[in-house]
1. Among 61-73, 157-169, 99-111, 29-41, how do they line up by average Cβ neighbours within 10 Å per residue, starting with the highest?
2. Expected output is a single nm value to one decimal: the length gained when fully extending between residue 149 and residue 89, i.e. 0.36 nm times separation in residues minus the C-alpha distance. What is it?
3. Once the Cβ-Cβ distance between residue 170 and residue 68 is put in as r, and R0 is 22 Å, what FRET efficiency do you end up with, to the nearest 0.05?
4. Please quote Rg/Rh for the range 67-179 to two decimal places, taking the Kirkwood radius as Rh and restricting both calculations to Cα atoms.
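Every read-out reported here was derived from the displayed coordinates using simple, explicitly stated rules and does not represent laboratory data. Bear in mind that the values here come from a model prediction, so they are computed numbers and not experimental data. A quick note on method: Cβ atoms are made from the backbone with ideal geometry, for glycine too, and the neighbour counts reach across all protein chains shown.
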């Protein structure tokens, strides 16, 4: 009888121990699931609330320039884009040698040829593109000279004039010649 009572206590103890283990396992599972849900919520909110780029990286398609002419300009502008990004960085960091090097690259960039009789492709581009291209080269040359003199006020002025030419050219690209300012015009 004594033996039976001991066995009964062991069985009851074992059952109690199993219940305890099950309770701890459930608590661990609940904690793990709760932590996972909390982490997923934080990550989801982070993705949902993250800052989104507000500026576009490319110009919209032009309605003023035919597609064939846009293709000619596109490859040239990809190189010009990287040059201008490098140039603004060198200008604001007061890197005179870097300004001279990058502005020299802009100056040395092959130009689009003005149309000649029978040149249908370049003839699709507005004349103002070629005028602005010449101004770009002239401003780039002046920027090299200012940087060689280490004249930061002149560098800022020349870079500003060069950037104004870029804005005007983009305006011609998007809207046509009739709405764009030339680089020498001023606003009231």
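1. Output ranking for 61-73, 157-169, 99-111, 29-41: 157-169, 99-111, 61-73, 29-41.
2. 19.7 nm
3. The pair residue 170/residue 68 has a calculated efficiency of 0.70.
4. Radius of gyration over Kirkwood radius for the range 67-179 works out to 1.01.
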